[in-house]
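What follows is a single structure, written as structure tokens, with notes after it.
The values are calculated or read from the model by the stated rules, or taken from the named source; none is laboratory data. Note that the structure is predicted; figures quoted are calculated from it, not measured. Every residue, glycine as well, gets a Cβ built from its backbone with ideal geometry; the counts of neighbours run over all protein chains shown. The accessibility values were calculated without ligands, DNA or RNA, using every heavy atom of the protein model including side chains. Shrake-Rupley method; radii C 1.70, N 1.55, O 1.52, S 1.80 Å.
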Amino acid sequence: QVQLVESGGGLVQAGGSLRLSCAASGSIFSIQFMGWYRQAPGKQRELVATIAGGSIANYADSVKGRFTISRDNTENKVYLQMYSLKPGDTAVYYCYALLKTGSGSYYQGYWGQGTQVAVSS
């Protein structure tokens, strides 16, 4: 069984910053990549950033230059440092991991429960 637990969301004024954290635990054999997605009210879930084991990061155009994703491979954690936040960043942010639970298993995707980020103007 695998769990992803996020923390660090909250309410911040425009221009402010927040740092999200996500810890993956349970029966984890290897993680291919971890990342963050977000879903605003009435909108589809969208990619924010992902990071692979070799620290290769990928960002949505809307957050490039403002958000930084990082990963602690030894503790199966991923972070999202968010700067210059805008009201348009308001959403529930979800942690995601593509991982194996055993050497003979396939890679499967797992989601956290989400953490709310609200940016006021």
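In region 50-61, is there at least one residue being closer than 13 Å to VAL117 by Cβ and either out of contact with any helix residue (DSSP H, G or I) (no Cβ under 6 Å at 6 or more places or on another chain) or not hydroxyl-bearing (Ser, Thr, Tyr) (or both)? I'd like the intermediate steps shown before the answer.
Going residue by residue through region 50-61, those that are closer than 13 Å to VAL117 by Cβ are none.
For region 50-61, residues closer than 13 Å to VAL117 by Cβ and either out of contact with any helix residue (DSSP H, G or I) (no Cβ under 6 Å at 6 or more places or on another chain) or not hydroxyl-bearing (Ser, Thr, Tyr) (or both): absent.
Is there a residue in region 36-50 that is open to solvent by 30 Å² or more (accessible area, probe 1.4 Å), in a strand (DSSP E or B) and touching a residue at least 40 places away in the same chain (Cβ under 8 Å)? Full working, then the answer.
Of the residues in region 36-50, the ones open to solvent by 30 Å² or more (accessible area, probe 1.4 Å) are 37, 39, 41-47.
Next, only the ones that are in a strand (DSSP E or B) stay: 37, 39, 46-47.
Within this subset, residues satisfying the condition of being touching a residue at least 40 places away in the same chain (Cβ under 8 Å) are 37, 39.
Yes, that holds for at least one residue.
Would you be able to say whether some residue in region 7-20 is over 19 Å from GLN113 (Cβ atoms), out of contact with any strand residue (DSSP E or B) (no Cβ under 8 Å at 6 or more places or on another chain) and among the β-branched types (Val, Ile, Thr)? Break it down stepwise before answering.
Start the filter on region 7-20 by keeping residues that are over 19 Å from GLN113 (Cβ atoms), which leaves 12-17.
From the residues that got through so far, the ones that are out of contact with any strand residue (DSSP E or B) (no Cβ under 8 Å at 6 or more places or on another chain) too are 15.
Narrowing the set further to residues that are among the β-branched types (Val, Ile, Thr) leaves none.
Checked region 7-20: no residue is over 19 Å from GLN113 (Cβ atoms), out of contact with any strand residue (DSSP E or B) (no Cβ under 8 Å at 6 or more places or on another chain) and among the β-branched types (Val, Ile, Thr).
Just checking, how many residues over region 72-90 are at pLDDT below 95 and of a type in the set (Lys, Arg)?
Selection size over region 72-90: 0.
Within region 3-27, count every residue that is aliphatic (A, V, I, L, M), buried (at least 16 other Cβ atoms within 10 Å of the Cβ) and within 19 Å of GLY109 (Cα to Cα). Break it down stepwise before answering.
Of all residues in region 3-27, those aliphatic (A, V, I, L, M) come to 4-5, 11-12, 14, 18, 20, 23-24.
Checking which are buried (at least 16 other Cβ atoms within 10 Å of the Cβ) leaves us with 4, 12, 18, 20, 23-24.
Checking which are within 19 Å of GLY109 (Cα to Cα) leaves us with 4, 23-24.
So the count comes out to 3.
Specify which of the listed residues (SER62, SER55) is of a type in the set (S, T, N, Q), surrounded by fewer than 16 Cβ atoms within 10 Å (Cβ to Cβ) and under 23 Å from VAL2 (Cβ atoms).
Details: SER62 fails: under 23 Å from VAL2 (Cβ atoms).
Every option except SER55 fails the conditions.
Select from region 95-119 the residues that are open to solvent by 40 Å² or more (accessible area, probe 1.4 Å) and in contact (Cβ under 8 Å) with a residue 40 or more places away in the chain and list them in ascending order.
Once the filter is applied, which keeps residues that are open to solvent by 40 Å² or more (accessible area, probe 1.4 Å) and in contact (Cβ under 8 Å) with a residue 40 or more places away in the chain, region 95-119 yields LYS100, THR101, SER103, TYR107, TYR110, TRP111, GLN113, GLN116.
For TYR96, are the conditions met, namely being modelled with pLDDT of 95 or more, on the phi < 0 side of the Ramachandran plot and in contact with a Gly (Cβ under 6 Å, 6 or more places away or on another chain)?
Numbers: modelled with pLDDT of 95 or more: yes; on the phi < 0 side of the Ramachandran plot: yes; in contact with a Gly (Cβ under 6 Å, 6 or more places away or on another chain): yes.
Against the criterion (modelled with pLDDT of 95 or more, on the phi < 0 side of the Ramachandran plot and in contact with a Gly (Cβ under 6 Å, 6 or more places away or on another chain)), TYR96 qualifies.
Please determine, by comparing only the residues of region 68-89 that are open to solvent by 40 Å² or more (accessible area, probe 1.4 Å) and among the β-branched types (Val, Ile, Thr), which one is nearest to GLY35 (Cα to Cα).
That would be THR68.
Does at least one position in region 27-38 carry a residue that is within 11 Å of LYS77 (Cα to Cα) and not hydrophobic (A, V, I, L, M, F, W, C)?
Yes: region 27-38 contains one or more residues that are within 11 Å of LYS77 (Cα to Cα) and not hydrophobic (A, V, I, L, M, F, W, C).
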